[in-house]
1. Expressed as an acute angle from 0 to 90° and rounded to the nearest 10, what is the orientation of the C-alpha long axis of helix 176-189 relative to the principal long axis of the chain?
2. Between Ser99 and Glu490, what length in nm is gained on full extension when 0.36 nm per residue of separation is reduced by their alpha carbon distance?
3. For the pair Asp251/Lys197, report the inter-label distance in nm, with labels modelled 7 Å from Cα in the Cβ direction.
4. What angle do you read, to the nearest 10 degrees and between 0 and 90, between the alpha-carbon axis of helix 332-348 and the longest principal axis of the chain?
5. Lys414 versus Thr46, label points 7 Å from Cα toward the beta carbon: distance in nm?
6. Please determine, in degrees from 0 to 90 and to the nearest 10, the orientation of helix 52-71 with respect to the longest principal axis defined by the Cα atoms of the chain, where the helix direction is its Cα long axis.
7. Please identify every one of the GluC sites (Glu not before Pro) in segment 23-88 that sits in a loop by DSSP and has no more than 12 other beta carbons within 10 Å of its own beta carbon.
8. Which whole-number percentage describes the relative contact order of the chain, with Cα contacts under 8 Å and a sequence gap of 6 or more?
Amino acid sequence: MPTTLAAIDIGSNAIRLSVGRIETDRNLTVLDNFREPLRLGRDVFTRRIISEDTSEAALDVFRRFKEIIDRNSVTFTKAAATSALREATNADSFIDKISHVSGIDIDVISPEEEARLIHLAIAGRVNLKNKTALLIDIGGGSTEITLTYDGSIVSTESYRLGAVRLLQLLEEKKQGEKKFNALVQEYVGATRGRLTKEIKGKKIDLCIGTGGNIEALAVIKKEVLEKDKNGTVSVEDLSSILKKLMSLSFDERMQQFRLRPDRADVIVPASIILQEIIKIAGIEEVVVPRVGLKEGLMIDMAQTVFGEQKHSNRDQVLTSALELGRKYSFDEQHGTSVARYAVDLFDQTRDLHNLGLEHRLLLEAAAILHDVGTFISMTGHHKHTYYLLTANPIIGFGQSQSRIVANVARYHRKSFPKIQHEPFRELSPKDRVVVSKLAAILRLADAMDNEHASRVDSFIAEYKKPKLMIRIRGNGDLLLEKWALMNKAELFESVFGVKVSIED
């Protein structure tokens, strides 16, 4: 039986709804799209709040969306908010009002999750296999630049360079269109150093642009340059279009290119942002697939319905974890060896820990990255690992999952998890139990590669109450590994109430 889905993108410049249906053959068909030009960023990027008038207008939008959702007998609905609600000081009360009047729950997603969902939409439209791709998403409040390789995200960076944000921040200084455009270029240029560090020198096979403004540029290309191909915008195309746009007034842009008012005022700053990025990256052409966050949300829901999400998410998490480790020059052989031992020990001790596949992936990521803190200093490196993992989220994990990973990695050595430690105390009671169990397993896995030589080939962990017997096999006598296992067994014994025994 077909399943109907609804995806809502609460952006800084507009709120969008997409309704789709999954057929029995698993094909996803978009039935209808709706767009409401409500600019949340107008309030947030100048006053840090959503005003009462804007809030009331949003309530009306969600009432209408709820009617559409009910009319289409939607089974699953996801609503995701981006930079405007990430920054609004009254976001919680705004979300509560929306939920109360419409029954629609809004999830304020991180820039990393936003990039993941947009990448998901792009991968459904563009072949990313065996290619290094640069994804540029220019929104109202931020610009996300994502690097992918062979269909997985390698890294993503979020820049406070949204078109609405620039419009609001610079509006008071505006002295005519020419002065305003110069200020935008100056503002964007201030981030050149960070942009250059992220993308310059990388061999990009493919550049893909998303967001309403980039889609509008692809359409305008036909009007300005009389080119029929709307799927791409070249460097030369963009230069010609921008020159034309900057020569026109706001009203002239609306009339000549049939732009909505909320597009005509932001398309110039958006074009300047795009021009600066592709100039730094040495890009010759931008592919415009005409998909974005709401399409990613739809695909994400479809994958959940068919149980396909877990496999693809694991691949993304591990790609992101490895790239993060390389960023901080970690010992990759040690990290991957400890991860292999950790998940094997997890699988062999299920009767003890009673945790699921999600926790297995959290452990695997923490094991890969447990030593990244040595990039800062060997002394206290477990604490440095925690700081680095909280500052560098792993793509594919939500905020609560990332916090668990950071805590598990932090407790791979030295002190046991304690309620006196603020990061551990801030976790929910349930997550504190998970951290203690996973950290206990990680300590034993780390002990098996105590010398960073990956000498353990395999092991058997057998639980016979009240004892966990571990037999390790590999190269040499493994005396140091056996000693380390006994030395690091105390947390495991304390958490699970067993005695660890190392057998020959």
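1. For helix 176-189, the angle is close to 20 degrees.
2. Values: separation 391, 0.36 × 391 = 140.76 nm, distance 4.71 nm.
Here the segment from Ser99 to Glu490 would lengthen by 136.1 nm.
3. About 4.7 nm separates the two model spin labels.
4. The angle comes out at about 70 degrees.
5. Calculated label separation equals 4.8 nm.
6. In the chain, helix 52-71 runs at an angle near 80 degrees to the longest axis.
7. Within segment 23-88, the qualifying GluC sites (Glu not before Pro) (loop, at most 12 other Cβ atoms within 10 Å) are Glu23.
8. 11 percent
Since every read-out is calculated from the coordinates, none of them should be taken as a lab result. Treat the numbers as computed from the prediction; the structure is a model and nothing was measured. Positions of Cβ are generated from backbone atoms using ideal geometry, with glycine treated the same way; all protein chains shown enter the neighbour counts.
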